[in-house]
Amino acid sequence: MFYENKIKVIDRVAIITPDREISYAEMLSNIRRYAQYVSLEKGAKTLVFAENCVEWIYSFFSIWQNRGIAIPVDASSTADDVAYIMNDAQPDAIWVTAQTEKVAVEAIKKSGVSTTVLRMDDLTGLRSHEQTKEEGISFEDSDVAVILYTSGTTGFPKGVMLTFHNLMVNINAISIDVPIFTKESSTLILLPLHHVMPLVGTLVAPIFTESQVVLCPTMAGPEIMAALQRGKVTVMVGVPRLWQTLYTGIKKKIDAKGKAAQMMYKLCEKVGSYSFSQKLFSAVHQSLGGNLKYCVSGGAALDKEIGEGMRTLGIRVLEGYGMTETSPMISFTRPDDIIPGCSGLPLPCCECKIIDGELCVKGENVMVGYSMLRLTRNYPN
């Protein structure tokens with residue numbers, strides 16, 4: 001199925017928080033309410049400087065509603081980090097929470113950039129129950145949707161500019177070849193949304209493919225387990241450390257139960273069947289919500305032994321490889337061809353070649369460029 005570049009009004013739950021469910025109609029009404037909180041011209045740049053929360057989602061999509069460019073920023077950033085981004089991006093506004101406002105104000109002083117501070121807390125709790133009768137929110141393919149800053153491991157952080165077309169090409173390529181996002185999917189939002197993988201993989205892709213997302217307030221184990229149960233999560237996106245922690249925790253419990261449990265584990269290891277392992281380790285799967293179909297690992301290579309161990313438990317881990325510059329996925333494991341330690345085949349939107357020992361990627365998911373203002377300024381180390 002080919003998904004359009006829009007957020008539709010559908011009769012379905014869009015967001016599940018720890019205390020309530022939010023429909024697509026209510027989500028869109030709140031997005032419009034946030035969009036009306038500030039008057040900005042088309043193409044205006046707005047930072048989203050906040051921890052993961054439902055207000056983050058409203059703020060982010062409200063920027064797109066206003067035909068602006070969203071710039072997510074790590075909520076744990078220092079004032080110097082934020083000032084660097086402000087100097088480079090020259091934003092017109094910045095969304096903050098009570099947790100980030102002090103750092104934001106300090107960053108504005110350090111950068112000297114004149115920008116409007118928008119407080120999510122001013123709108124928190126003011127729920128909109130308007131029944132939206134419009135066709136949702138649509139976007140222009142050629143417009144820049146986001147600027148995402150790299151970690152700066154090879155120099156200064158660079159602002160990667162991705163258009164709506166870049167994002168949708170990647171989302172549709174994944175949906176066709178790796179159909180983990182369907183209208184029945186429920187995706188856990190766990191990792192910080194300023195990173196490209198969780199931004200696209202746990203928010204933008206699920207919402208654009210008309211499924212639901214489940215907010216997990218922290219990375220604490222009990223909170224994760226509660227969210228998996230509450231939202232009947234089918235897709236969970238994480239980094240290798242998360243899967244290592246999950247696997248070792250389960251394996252320790254199996255070993256502690258004695259020889260019978262250990263023999264059952266070895267039998268599953270020998271058989272190598274997901275369905276067989278899921279039956280024998282049904283209690284494990286129930287503890288993970290009972291609906292989890294796919295764990296997606298990215299951000300770094302997953303240890304092959306962890307991947308094999310997860311397979312023994314009947315848990316499908318799909319590995320992928322990508323970059324911020326490619327919106328983000330380049331290759332992805334197919335659900336019916338999982339090889340632990342392998343990041344899968346290239347997606348149909350990508351053309352990949354090895355040139356002089358380097359992987360070169362071409363495709364419509366590749367960024368339109370970097371934020372160039374950075375190149376005209378001198379920044380301190």
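The values are calculated or read from the model by the stated rules, or taken from the named source; none is laboratory data. None of these values were measured; they are calculated from a predicted model. Here the Cβ positions follow ideal geometry from the backbone for every residue, glycine too, while neighbour counts run over all protein chains shown.
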Condition (residue is within 11 Å of L288 (Cα to Cα), at pLDDT 95 or above and of a type outside the set (A, V, I, L, M, F, W, C)) applied to the range 232-248: is it met by at least one residue? yes
Here is a list of conditions, (1) more than 19 Å from Y321 (Cβ to Cβ); (2) without any contact (Cβ under 8 Å) to a residue 40 or more places away in the chain, and P198 meets all of them except one; can you say which number that is? (1)
Taking the options G258, G299, name whichever one is farther than 21 Å from M225 by Cα and loosely packed, with under 13 Cβ neighbours inside 10 Å. G258
Across the range 319-357, the tally of residues that are in a loop (DSSP other than H, G, I, E, B), over 24 Å from K158 (Cβ atoms) and in contact (Cβ under 8 Å) with a residue 24 or more places away in the chain stands at 8
Which of the residues spanning the range 49-77 are of a type in the set (D, E, K, R) and under 15 Å from the mean Cα position of the chain (by Cα)? E51, D74
Every pair of residues 6+ apart whose Cβ atoms lie under 8 Å, when the first sits in the range 271-286 and is over 16 Å from A261 (Cβ atoms) while the second is among the charged types (D, E, K, R) and in a helix (DSSP H, G or I): G272/R311; Y274/R311
Pick from the range 327-349, criterion of a type in the set (S, T, Y) and surrounded by 23 or more Cβ atoms within 10 Å (Cβ to Cβ), ranking: nearest to the chain's Cα centre (by Cα): S327
Would you be able to say whether some residue in the range 190-204 is closer than 24 Å to D336 by Cβ and either surrounded by fewer than 21 Cβ atoms within 10 Å (Cβ to Cβ) or hydrophobic (A, V, I, L, M, F, W, C) (or both)? yes
So A226, is it modelled with pLDDT under 95 and surrounded by fewer than 21 Cβ atoms within 10 Å (Cβ to Cβ): no
Answer yes or no: is there a residue in the range 3-17 that is out of contact with any Pro (no Cβ under 6 Å at 6 or more places or on another chain), β-branched (V, I, T) and within 24 Å of I147 (Cβ to Cβ). yes
So, F181, is that one buried (at least 21 other Cβ atoms within 10 Å of the Cβ), among the aromatic types (F, W, Y) and at pLDDT 95 or above or not? no
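Condition (residue is in contact with a strand residue (DSSP E or B) (Cβ under 7 Å, 6 or more places away or on another chain), at pLDDT below 95 and either over 23 Å from D81 (Cα atoms) or surrounded by fewer than 16 Cβ atoms within 10 Å (Cβ to Cβ) (or both)) applied to the range 116-130: is it met by at least one residue?
The initial filter retains those residues of the range 116-130 that are in contact with a strand residue (DSSP E or B) (Cβ under 7 Å, 6 or more places away or on another chain), namely 116-120.
Retained after the next criterion (residues that are at pLDDT below 95): none.
Scanning the range 116-130, I find no residue that is in contact with a strand residue (DSSP E or B) (Cβ under 7 Å, 6 or more places away or on another chain), at pLDDT below 95 and either over 23 Å from D81 (Cα atoms) or surrounded by fewer than 16 Cβ atoms within 10 Å (Cβ to Cβ) (or both), so the answer is no.
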Entirely in the range 44-108, the strands (runs of 3 or more DSSP E) that have 2 or more residues that are without any contact (Cβ under 8 Å) to a residue 12 or more places away in the chain and of a type outside the set (V, I, T): none
Between I15, I22, which is of a type in the set (A, V, I, L, M), over 19 Å from T97 (Cα atoms), under 17 Å from the mean Cα position of the chain (by Cα) and not in a loop (DSSP other than H, G, I, E, B)? I15
V284 vs (1) over 25 Å from V361 (Cα atoms); (2) aliphatic (A, V, I, L, M); (3) part of a loop (DSSP other than H, G, I, E, B): all pass except (3)
